[in-house]
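Worksheet for the structure shown next.
The numbers here are math on the coordinates, done by the rules we state, and not lab data. Being a predicted model, the structure only gives us computed values, none of them experimental. Counting neighbours? That spans all protein chains shown, and the Cβs are built from the backbone with ideal geometry, glycine included.
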């Protein structure tokens, strides 16, 4: 008699747990980082990149020189700012909150040009000539050129540093043709 009673109680408890599980809300922890953590914007900040563009070696140093119309401007004609949604230039979000794998967004540049972005990976380590960087994120962007071809951009951001690697490929059907690959070689941050 005592054993039957324990079995019934165990069965009722299991049913209660199943019922609670069906109504339970899974709460994800907040992201470890925000977009603002991945691009230090301050006058004087400087990044040097080296790599290849269309097979030719390149080296470029970019320095933030001032603030104009709410954007940090650099000596390569770039403009960036942080707002409540993320990091943007004057046309698109380069990185948008929340910082979690799978988050995606779209930028419509014109009737004929729509860019699609996704945080493709998070929490990995990247090594470049400027050092080894942990907790990186990979943003992948695509822009269709025509029915067969699209441009694929990949930006790897490191927290407190900015972009540490950039790659551009032309996807033509099943082929991916490298267009550019550039890595951070040095930085001076305020």
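Once a ≥ b ≥ c are taken as the square roots of the eigenvalues of the Cα gyration tensor of the range 26-68, is the result rounded (a/c under 1.5), prolate (a/b larger than b/c) or oblate (a/b not larger than b/c)? Taking the square roots of the gyration eigenvalues as a ≥ b ≥ c, the range 26-68 is oblate.
Between residue 124 and residue 48, the FRET efficiency estimated from the beta carbon spacing at R0 = 30 angstrom works out to 0.85. Comparing the range 88-140 with the 2.2 N^0.38 Å rule of thumb, its C-alpha radius of gyration ratio is 1.34 (two decimals).
When only Cα pairs below 8 angstrom with a gap of at least 6 residues are kept, the range 35-188 shows a relative contact order of 23 percent. Neighbour counts of other Cβ atoms within 10 Å put 54, 80 in the fewest-to-most order 54, 80. Normalised Debye scattering of the range 35-188 at q = 0.17, 0.20, 0.21 Å⁻¹ gives log10 I(q)/I(0) of -1.10, -1.49, -1.58, counting only Cα atoms as equal scatterers and leaving out solvent. Distance between Cα centroids, the range 109-142 to the range 76-96: provide it in whole Å. Measuring centre to centre over Cα atoms gives 14 Å.
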